[in-house]
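Below is one structure, written out as structure tokens; the observations come after it.
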Amino acid sequence: MHTKTRVMDSVMGSGKTTRIIDQINKHPERHFIIIVERQTEVDRLAAACPNLISLSEVSEELNIKRIDALELVASEGKSMVSTHQLFTKWSDNFLNSVFDWGYELIMDETISDILSIVPIKIPDLNAYIEEKFIGRCVGNKFNKVKLLKPLLSKYGDVEDRIKNKDCYLFDIANDIDDPHYQLIQAPRSEMFTVFQRISVLTYQFKGSLLRCYFDLHGINYQLLSIQDGEVTPYKDELGLNFKDKIDIYFGKLNHGYGRDIGSRCWTEKPNNQKVTKKRLRNIYNHWKKEGITSEDFLYTTHKSFQKKVHPSHIKGLKNKLNVDYADTHKRKNMTDQEKRNVSYLSQTIRGTNDFSHKRFLAYMSNTFMDPQIRNFLAKHDVQIDEDSYALNRMIQWLWRGCIRNDEEMYVFVPSKRMRQLLVDWLDGKPISA
């Protein structure tokens, strides 16, 4: 089956979601599956489209798992909406229903972890390969693996991933005599071949891992834009329309500590964690003259080091709330006021409006693609654009703040590289090839 894939690449606020709603309501005879980032967007779309079923509601009403609700609704050919969490758990039964009913897939925002490392220790993985618990699929050019024998109970999650996803074996040492294997997981590639049509709604697609995934599997796509609610030939408007709304800090807090400031390797050093914590405190104090409060402030850094750099001495910045927001179950039980007081947000998060009141944002990361993901893609001749990838992550994160409401926002980006990418984007300068 030939699948037509279109990528609607337009700047935030250009009406991409509004177009989804119009399309679904104008064509009730068609079969849609909508994948969005957050449950709040599920609720919004289900309320706006009478023929669109929320899988979370079906799950609750019938007291069944969402994956079972997915199969049930698909078997009946009904249009549905759910979160990205279900995207990598589609069964053969579901894919057969997709093909039989001629479903169309709409992805609102790309999936940030569509390619990621499977959490298994290298010595354990090497042993599983040697002892033939895990074997290579014959004829697969990416070294896809299959399960030959059950794994130890502590790796039950890894076993599930191998069963339900595409997991690729990658030798990070590139040494035949002494391999150091790692597993890279991705959604099953056949997911993108059974749909009648696929639409991806995003911005800066060229910097996303989904673009890399499409190129890896030779999935052709048409790049388009949306202007005034209409589909147009692709044109990157860049950030010119937002230049007067984003106030970037250019003072002395940006100086020193080397060119790698904010990278993962730099931040993992204890002394640099202290530097990051101090800078967060200082930029907060600097913004006091602009009327900052703890409720207005949001920052990001590499997730592994968040607790080490959190400026807990600033009144109102409660680290516990940050941890709770990262936990899906705890987030559901947070009050609106508790969400407003969250001060840390992972740089990979998208599709949430919970922080549109934030006026002061500190992007403390110098963002690069995971080196093993990058090496895996490079080995298979996928073009890597680290600056586009970094700009993609930074813009999406900044757009959690009040700029999404077209309000003025103050931004601190201590990494010279990241700051220049943002400045060039706001000046309308494309990234050099």
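Throughout, read-outs are computed from the coordinates displayed, never taken from laboratory work. Computed from a predicted structure; not experimentally measured. All Cβ positions, glycine included, derive from the backbone under ideal geometry; neighbour counts span all protein chains shown.
At a Förster distance of 30 Å, what's the computed FRET efficiency of THR232 paired with LYS379, Cβ-Cβ distance as r, to 0.05?
0.25
State the extension gain, in nm to one decimal, for the chain segment bounded by ASN164 and GLN85, taking 0.36 nm per residue of separation less the distance between their alpha-carbons.
This chain segment gains 27.1 nm when fully extended.
Extension gain ALA173-LEU223, at 0.36 nm per residue separation less the Cα-Cα distance, in nm?
Separation in residues times 0.36 nm, less the Cα-Cα distance, equals 14.4 nm.
If you count the DSSP beta bridges with both ends in the chain, what percent of them are antiparallel, to the nearest 5?
Counting DSSP beta bridges with both partners in the chain, the antiparallel share is about 30 percent.
If we count every other residue with Cβ under 12 angstrom of ILE64's Cβ, Lys/Arg +1 and Asp/Glu -1, where does the sum land? Don't skip to the answer; put the middle values down first.
Details: positive: LYS65, ARG66; negative: GLU57, GLU60, GLU61, ASP68, GLU71.
So the environment of ILE64 carries a net charge of -3.
Could you estimate the translational diffusion coefficient of segment 232-339 from the Stokes-Einstein equation, with Rh from the Kirkwood formula over C-alpha pairs, at 4 °C and 1.567 mPa s, in whole µm²/s?
79
Taking 1 over the mean of 1/r across every pair of different Cα atoms in segment 91-152, what Kirkwood radius in Å do you get?
Evaluated over segment 91-152, this radius sits at 15.0 Å.
Taking every pair of alpha-carbon atoms in segment 86-198, give the share separated by more than 25 Å as a whole percent.
30
Could you list, bin by bin from short to long, the percent of Cα-Cα pairs of the chain in 20 Å steps?
23, 57, 20, 0
For segment 240-426, what log10 I(q)/I(0) values come out of the Debye formula at q = 0.15, 0.17 1/Å, with one point per alpha carbon and no solvent?
Once normalised to I(0) and log-transformed, intensities are -0.89, -1.15.
Looking at this model, which pairs from LYS16/LYS245; LYS4/LYS332; LYS206/LYS303 are more than 26 angstrom apart at the alpha-carbon? Let's see the in-between values first.
On the way: LYS16/LYS245 21 Å; LYS4/LYS332 37 Å; LYS206/LYS303 24 Å.
Listed pairs above 26 Å: LYS4/LYS332.
Would you calculate the separation in nanometres between label points at GLU386 and HIS27, each defined as 7 Å from the Cα along the Cα-to-beta-carbon direction?
Here the modelled spin labels are 4.1 nm apart.
Quick one: net charge around ARG393, please, counting Lys, Arg +1 and Asp, Glu -1 for every other residue with C-beta under 15 Å from its C-beta.
Local net charge: +2.
Quick one: check the C-alpha center-to-center distance for segment 178-232 versus segment 113-154, whole angstrom.
If you average the Cα positions of each part, the centres end up 24 Å apart.
Can you compute the modelled spin-label distance between SER153 and ILE117, with each label point 7 Å from Cα toward Cβ, in nm?
Label at SER153, label at ILE117, 2.8 nm between them.
Summing +1 for each Lys or Arg and -1 for each Asp or Glu, what net charge is found among the other residues whose Cβ lies under 11 Å from the Cβ of SER97? Don't skip to the answer; put the middle values down first.
Values: positive: LYS78; negative: GLU71, GLU76, ASP92, ASP100.
Once all neighbours under 11 Å are counted, the net charge is -3.
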